[in-house]
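*Asks:* Got a structure for you, written out below as structure tokens; questions coming shortly.
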Amino acid sequence: MQKITIAIDGFSSCGKSTLAKALAHKLNYSYVDTGAMYRAVTLHALRNNLIDKEDTLNEEGLIKVLDDIEISFVFDQHHKTSETFLNGENVEKFIRDMEVSKHVSKVSSIKEVRAKMIAIQRHMGKKKGVVMDGRDIGTNVFPKADLKIFMTADTDIRAQRRKDEHTSKGQYFSLEEVKRNLQKRDYDDSHRKENPLSQAEDAVVLDNSDISREEQLEFVLKLIDDLHLLMKEREKEKERQRHH
Ligand code: DC
């Protein structure tokens, strides 16, 4: 079957990566977690003291070291998932920390950071057969993506999911604190100047507040089946016109 590009955008902690991973696994596609890329840049900034104790980011300093940052994904056969590498180091267990979450919106709003990440993302998706999740995939990275999904879910449900994720790693935060961080990121991500989070006109909205992971996967697989049928029809039509 013809390989397609699938763009999944939406708010923080909506389950984008869970759905994207399941889809990539099912279709044997590659999965690119673009949020992880911005998180890796943020981790680099924190480690290089480019964010001070007052939480001020040294933008110029970060832009200067951008060329030193190399980000890649390596598929882990054991965990059956792709892991984020920053300059050759597996940083998967650091990039979801609250400290990174607190600063990532700021880092991802920098034009030069975005330009670099978007170039890498376009390169990764060049051959199609990719599921990419983020904030601007369907609107900016791949505006011609074959299938665009915009995910959303109730804020309280999202906050609880993120809190559980932290708890499973032995990190304890109140629900209120996690919720505040989510709401602030949603606001910042949707209101920034460079490629803000917005729903592409041709995106299919998926609100997963009350539906299971299996139902979400089934829903999108059906969309993909329909799309493949449509593509076949279009091909046939082209063939017909060629013979006329
Ligand atoms: O999906 P996530 O929560 O891991 O993303 C982390 C941050 O990165 C998010 O607050 C906004 C930013 N981001 C972005 O600006 N553009 C993307 N394509 C993906 C994420």
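Here, each number is a calculation from the coordinates, and none is a lab measurement. Keep in mind that what you see is a predicted model, and the values were worked out from it rather than measured. With ideal geometry, Cβ positions are generated from the backbone for all residues, glycine too; neighbour counts draw on all protein chains shown.
*Asks:* I'm trying to understand the selection: among the residues of region 184-218, which are touching a Leu at 6+ places or on another chain (Cβ under 7 Å) and away from the ligand (no atom under 16 Å from the Cβ)? If you could, list the steps in order and put the result at the bottom.
*Replies:* Narrowing region 184-218 to residues touching a Leu at 6+ places or on another chain (Cβ under 7 Å): 189-190, 204, 216-217.
Scanning region 184-218 gives V204, Q216, L217.
*Asks:* Kindly provide the set of residues from region 4-61 that are among the small types (G, A, S), away from the ligand (no atom under 14 Å from the Cβ) and out of contact with any Ser or Thr (no Cβ under 9 Å at 6 or more places or on another chain), ordered by number. Can you show your working first?
*Replies:* Quick first cut of region 4-61, residues among the small types (G, A, S) only: 7, 10, 12-13, 15, 17, 20, 22, 24, 30, 35-36, 40, 45, 61.
If we keep only those that are away from the ligand (no atom under 14 Å from the Cβ) too, we end up with 22, 24, 30, 61.
Correct list: A22, G61.
*Asks:* In the list R161, R213, which residue meets the criterion of being under 20 Å from V100 (Cβ atoms) and within 18 Å of the chain's Cα centre (by Cα)? Before you say what the answer is, go through the steps one by one.
*Replies:* On the way: R213 fails: under 20 Å from V100 (Cβ atoms).
Just a single option satisfies the conditions, and that option is R161.
*Asks:* Do you know which of the residues in region 116-147 that are within 13 Å of the ligand (Cβ to nearest atom) and basic (K, R) is surrounded by the most Cβ atoms within 10 Å (Cβ to Cβ)?
*Replies:* Among them, the one singled out is R135.
*Asks:* Which of the residues belonging to region 63-81 are in contact with a strand residue (DSSP E or B) (Cβ under 9 Å, 6 or more places away or on another chain) and away from the ligand (no atom under 14 Å from the Cβ)?
*Replies:* If we filter region 63-81 for residues that are in contact with a strand residue (DSSP E or B) (Cβ under 9 Å, 6 or more places away or on another chain), which is where we start, we get 69-76, 81.
Across region 63-81, the qualifying residues are I69, E70, S72, V74, F75, D76, T81.
*Asks:* Which one is nearest to L182 (Cα to Cα), of the residues in region 88-101 that are more than 10 Å from the ligand (Cβ to nearest atom) and assigned to a helix (DSSP H, G or I)? Walk me through it before giving the result.
*Replies:* So in region 88-101, the residues more than 10 Å from the ligand (Cβ to nearest atom) come out as 88-94, 97-99.
Going one step further and asking which of them are assigned to a helix (DSSP H, G or I), we end up with 98-99.
Working: M98: 11, E99: 13 Å.
Within region 88-101, the match that is nearest to L182 (Cα to Cα) is M98.
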